[in-house]
């Protein structure tokens, strides 16, 4: 369980610089070390959250946000909540964003539109296997001309060309080769991940060798690691608030967002149940983390 009381005391934006706060937020986001991300952080170079936040702010004019990790015949709650928060964050910065995913996943999100004021049908783009995936992606990239790609808890291709879940099961038939976007889009990219099998984690290949996982091999320009990917997305928005002088988390409330997602049949990846929870943690755990991040963002957006 997350030591939320200790975390709150550890994040003190009133007595530190933006770069120092970024390091505090990095520590917060991996403090429970549920899947070895604290170990990865210890073996990696700090400052990655600051790098990702700068990329986000500089290149948020037209953003493609990819999410959706399969669990059985549906998808998990960790990822879509963060993707929707990022979607709103881009809009708050004056940019345009599209939430892109495999058709069965986007169909679930379409069912959420009525319950989520920050989401509408034109925000969503579904891709499927009915034709050449590369042609679909290329056509869309040409029309939207993204300035930034963000991947939130997306399956990443392993060295053998397949995609795996944490139980070492091949899930290649339930996802798409999103790495093609890195080849087709002439723009920067950020990955937000909480497990070594997520797209973008090739950037920390050496630390991943110590974990029991089939690691992804792809790289992105920025990488944010977290115990829960949704929290990583919120951490990115909290720090970005310092650059845009606006609290990009001011309207985010995680619990009702998770409730709407669960009603559409999106499930907790650990329990397999359609509940307002993330990776086995009840909504109030994530809500407490988001509250800490929102408070930090409030101070950051005011300047200090």
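The values are calculated or read from the model by the stated rules, or taken from the named source; none is laboratory data. Just so it is clear, the model here is predicted, and its values are computed rather than measured. Positions of Cβ are generated from backbone atoms using ideal geometry, with glycine treated the same way; all protein chains shown enter the neighbour counts.
Among residues of segment 30-71 being at pLDDT below 95 and out of contact with any helix residue (DSSP H, G or I) (no Cβ under 9 Å at 6 or more places or on another chain), the one that is nearest to residue 219 (Cα to Cα) is 45. Screening residue 252 with (1) touching a residue at least 40 places away in the same chain (Cβ under 8 Å); (2) more than 15 Å from the chain's Cα centre (by Cα); (3) farther than 21 Å from residue 23 by Cβ gives one miss only, at (2). Of all residues in segment 81-101, those being farther than 16 Å from residue 281 by Cα and touching a strand residue (DSSP E or B) at 6+ places or on another chain (Cβ under 8 Å) number 13.
Assess whether residue 93 counts as being crowded, with 19+ Cβ neighbours inside 10 Å and in contact (Cβ under 8 Å) with a residue 40 or more places away in the chain. Considered against the rule, which asks whether it is crowded, with 19+ Cβ neighbours inside 10 Å and in contact (Cβ under 8 Å) with a residue 40 or more places away in the chain, residue 93 comes out as yes. Given 226, 233, 296, 276, which one is surrounded by 24 or more Cβ atoms within 10 Å (Cβ to Cβ) and farther than 16 Å from residue 67 by Cβ? Among 226, 233, 296, 276, only 296 is surrounded by 24 or more Cβ atoms within 10 Å (Cβ to Cβ) and farther than 16 Å from residue 67 by Cβ. Kindly state which helices (runs of 4 or more DSSP H) lie completely within segment 187-299 and contain at least 2 residues that are at pLDDT 95 or above. Because the criterion is at least 2 residues that are at pLDDT 95 or above, the helices (runs of 4 or more DSSP H) in segment 187-299 that meet it are 229-244, 254-263.
In this entry, residue 146 passes the filter for residues that are part of a loop (DSSP other than H, G, I, E, B) and buried (at least 17 other Cβ atoms within 10 Å of the Cβ). For segment 114-127, the condition of being in contact with a strand residue (DSSP E or B) (Cβ under 6 Å, 6 or more places away or on another chain), in a strand (DSSP E or B) and within 26 Å of residue 240 (Cα to Cα) holds for at least one residue.
Kindly evaluate residue 137 against the criterion of being in contact with a helix residue (DSSP H, G or I) (Cβ under 8 Å, 6 or more places away or on another chain), part of a loop (DSSP other than H, G, I, E, B) and surrounded by 20 or more Cβ atoms within 10 Å (Cβ to Cβ).
The answer is no for residue 137.
Scanning segment 109-124 for residues that are surrounded by fewer than 19 Cβ atoms within 10 Å (Cβ to Cβ) and touching a residue at least 60 places away in the same chain (Cβ under 8 Å) turns up 111, 115, 116, 118. Scanning segment 18-39 for residues being surrounded by fewer than 23 Cβ atoms within 10 Å (Cβ to Cβ) and part of a helix (DSSP H, G or I) gives a total of 8. Number of residues in segment 170-207 that are closer than 24 Å to residue 75 by Cα and either touching a helix residue (DSSP H, G or I) at 6+ places or on another chain (Cβ under 7 Å) or touching a residue at least 12 places away in the same chain (Cβ under 8 Å) (or both) equals 24. How many residues are in a loop (DSSP other than H, G, I, E, B) and surrounded by 19 or more Cβ atoms within 10 Å (Cβ to Cβ) if we restrict to segment 40-68? Number of matching residues: 3.
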